[in-house]
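Working notes, beginning with the structure itself.
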Amino acid sequence: MSEKKRILSGIQPSGALTLGNYVGALRNWVALQKTDEYECFFMLADLHTITVRQIPKDFRKNAMDLLALFIACGIDPEKSPVFFQSHVPAHLQLSWVMTCNTYMGELSRMTQFKDKAKKHATNINAGLFTYPSLMAADILLYQADLVPVGHDQMQHLELTRDLANRFNNAYSETFKVPEAYIPKVGARIMSLQDPTQKMSKSDTNENGYILLLDPIDQVIKKIKRAVTDSGSEVKRGEGKAGVENLMSIYSAVTGMSMDEIESAFIGKGYGEFKTAVAEAVAETLRPIQERYLDLMKNKDYLEKIYRDGAGKAAYIANKTVAKVYRKVGLIQP
Ligand code: TRP
């Protein structure tokens, strides 16, 4: 048995990845993996994605793109299983048991459900409602110690902890109660057009976000068009959310602290600063895009990654399901 703490995280293949997803999630996963302190499992949460109607052809493309981007961004599939949730049936098996232990009231309080129900008013399906029970299953199956999640998923993680405790109390100690892992440098990247909003690919203005696979000349244009303010100093402060966002992006891709950035750009205007940010982002994205293109030419390799990943994930997940089924009193097959 490995003594390492276990980490499980997932991203939905629901569309193209933004620079915000990279800085807020993927890049941290790569860093966590590199420390060798953890045993990591990285999941493409495709079963979660179908709670919103998908166009099958686009969905398949998004899923393969996301897999290739995981690897292109530096995740080593030899070290950490990378797998599609739908390839490990244990997720659905445990999900049912979790659903039967989740109260309607709890699910009704989930802010993501409320938001998505508003956004997809013609398709408020039962899966959208029970989504958090599936997410709890994802985590508890692996007896994960830590779950790196953004703010928007904290409520789901809290529920997961409640469900783990509820089950443990009802049936005896079964699940590890997971904790949120909040990265130390968790820059939140905001829209380039409206720095009060999180950078998101669902933004109607495509100048607001940078996609990992945007052509580099477009990335540069988007950064140069980013909103700032009528001042000229590169520093944080009241009314300077736009500049501050560019500073966080610059900090995220160069590793410089906000203070270091302020000192480095004293006396220099926004134009010069934006050029520096654009270049630094381009430099980060270029090698990722090159690796992505190479990987997409090698479908056999990608297939091997997700098959091996699912095999390793299922080995652990199936053990948890067997234990849970036994504890609740289901007859052993
Ligand atoms: N719900 C998460 C999201 O939309 C994705 C997800 C599914 C996940 N299962 C997970 C994240 C388990 C962490 C752990 O971002």
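Taking the range 97-119 only, how many residues are within 17 Å of A170 (Cβ to Cβ) and either of a type in the set (K, R) or surrounded by 14 or more Cβ atoms within 10 Å (Cβ to Cβ) (or both)? Number of matching residues: 6. Each residue in the range 168-182 was checked for being assigned to a loop (DSSP other than H, G, I, E, B) and open to solvent by less than 30 Å² (accessible area, probe 1.4 Å), and 3 of them qualify.
Just give me the residues in the range 24-49 being aliphatic (A, V, I, L, M) and either within 15 Å of the ligand (Cβ to nearest atom) or open to solvent by 40 Å² or more (accessible area, probe 1.4 Å) (or both), in sequence order. Outline the logic, then answer.
Taking the range 24-49 and keeping what is aliphatic (A, V, I, L, M), we get 25-26, 30-32, 43-45, 47.
The answer is A25, L26, A31, L32, M43, L44, A45, L47.
Taken over the range 1-13, the criterion of being polar (S, T, N, Q), within 12 Å of the ligand (Cβ to nearest atom) and surrounded by fewer than 21 Cβ atoms within 10 Å (Cβ to Cβ) is satisfied by Q12 alone.
Determine, yes or no, whether K4 is over 27 Å from M190 (Cα atoms) and in contact with a Cys (Cβ under 8 Å, 6 or more places away or on another chain). Spelling it out, it is not the case that K4 is over 27 Å from M190 (Cα atoms) and in contact with a Cys (Cβ under 8 Å, 6 or more places away or on another chain). Taking first residues from the range 82-100 that are within 27 Å of A68 (Cα to Cα) and partners that are in a loop (DSSP other than H, G, I, E, B) and open to solvent by less than 50 Å² (accessible area, probe 1.4 Å), the Cβ contacts under 7 Å between residues at least 6 apart in sequence or on separate chains come to V82/I75; Q85/A45. Among D115, D194, which is part of a loop (DSSP other than H, G, I, E, B), more than 10 Å from the ligand (Cβ to nearest atom) and closer than 28 Å to L246 by Cβ? Exactly one residue qualifies, and that residue is D194.
Listed here are the residues, each with its yes/no results for (1) under 25 Å from R6 (Cβ atoms); (2) touching an Asp or Glu at 6+ places or on another chain (Cβ under 8 Å).
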site	(1), (2)
P77	yes, yes
S80	yes, yes
V88	yes, no
T102	yes, no
F113	no, no
A117	no, no
N123	no, no
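Taking helices (runs of 4 or more DSSP H) that fall entirely within the range 250-333, which contain at least 1 residues that are in contact with a Pro (Cβ under 8 Å, 6 or more places away or on another chain), farther than 18 Å from L69 by Cα and open to solvent by less than 20 Å² (accessible area, probe 1.4 Å)? So that I can check it myself, show each step before the final result.
Details: elements: 258-264, 270-296, 299-328.
The helices (runs of 4 or more DSSP H) meeting that bar are 299-328.
When you scan the range 154-167, how many residues do you find that are of a type outside the set (K, R), open to solvent by 10 Å² or more (accessible area, probe 1.4 Å) and free of Cβ contacts under 8 Å to residues at least 24 places away in the same chain?
In the first step, residues of the range 154-167 are kept if they are of a type outside the set (K, R); the result is 154-160, 162-165, 167.
From what is left, the residues that are open to solvent by 10 Å² or more (accessible area, probe 1.4 Å) are 154-155, 158, 162, 165.
Going one step further and asking which of them are free of Cβ contacts under 8 Å to residues at least 24 places away in the same chain, we end up with 158, 165.
Number of matching residues: 2.
The residue that is least open to solvent (accessible area, probe 1.4 Å), counting only those in the range 183-207 that are among the β-branched types (V, I, T) and farther than 30 Å from Q143 by Cα, is I189.
On the given criteria, is L134 within 13 Å of the ligand (Cβ to nearest atom), touching a residue at least 40 places away in the same chain (Cβ under 8 Å) and open to solvent by 10 Å² or more (accessible area, probe 1.4 Å)? Break it down into steps so the answer makes sense when it comes.
Details: within 13 Å of the ligand (Cβ to nearest atom): yes; touching a residue at least 40 places away in the same chain (Cβ under 8 Å): yes; open to solvent by 10 Å² or more (accessible area, probe 1.4 Å): yes.
So L134 passes the test.
Checking the structure you have, find out if any residue of the range 208-222 is part of a loop (DSSP other than H, G, I, E, B), hydrophobic (A, V, I, L, M, F, W, C) and open to solvent by 60 Å² or more (accessible area, probe 1.4 Å). The answer is yes, given that some residue of the range 208-222 is part of a loop (DSSP other than H, G, I, E, B), hydrophobic (A, V, I, L, M, F, W, C) and open to solvent by 60 Å² or more (accessible area, probe 1.4 Å). If the condition is being more than 10 Å from the ligand (Cβ to nearest atom), assigned to a helix (DSSP H, G or I) and modelled with pLDDT of 95 or more, then the range 119-131 contributes A126, G127, L128, F129, T130.
For every residue, the table says whether it meets (1) closer than 30 Å to S251 by Cα; (2) touching a strand residue (DSSP E or B) at 6+ places or on another chain (Cβ under 6 Å).
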{"site": "L17", "(1), (2)": "yes, no"}
{"site": "K34", "(1), (2)": "yes, no"}
{"site": "E37", "(1), (2)": "yes, no"}
{"site": "L44", "(1), (2)": "yes, yes"}
{"site": "H48", "(1), (2)": "no, no"}
{"site": "H87", "(1), (2)": "no, no"}
{"site": "N101", "(1), (2)": "no, no"}
{"site": "T111", "(1), (2)": "no, no"}
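Within the range 139-153, take every residue that is open to solvent by 10 Å² or more (accessible area, probe 1.4 Å) and within 8 Å of the ligand (Cβ to nearest atom) and give me the one that is nearest to S95 (Cα to Cα). This residue is Q153.
The values are calculated or read from the model by the stated rules, or taken from the named source; none is laboratory data. Everything numeric in this text was worked out from a predicted model, so none of it was measured. Backbone-built Cβ (ideal geometry, glycine too); neighbour counts: all protein chains shown. Surface accessibility is based on the protein's heavy atoms, side chains included, excluding ligands, DNA and RNA. Shrake-Rupley method; radii C 1.70, N 1.55, O 1.52, S 1.80 Å.
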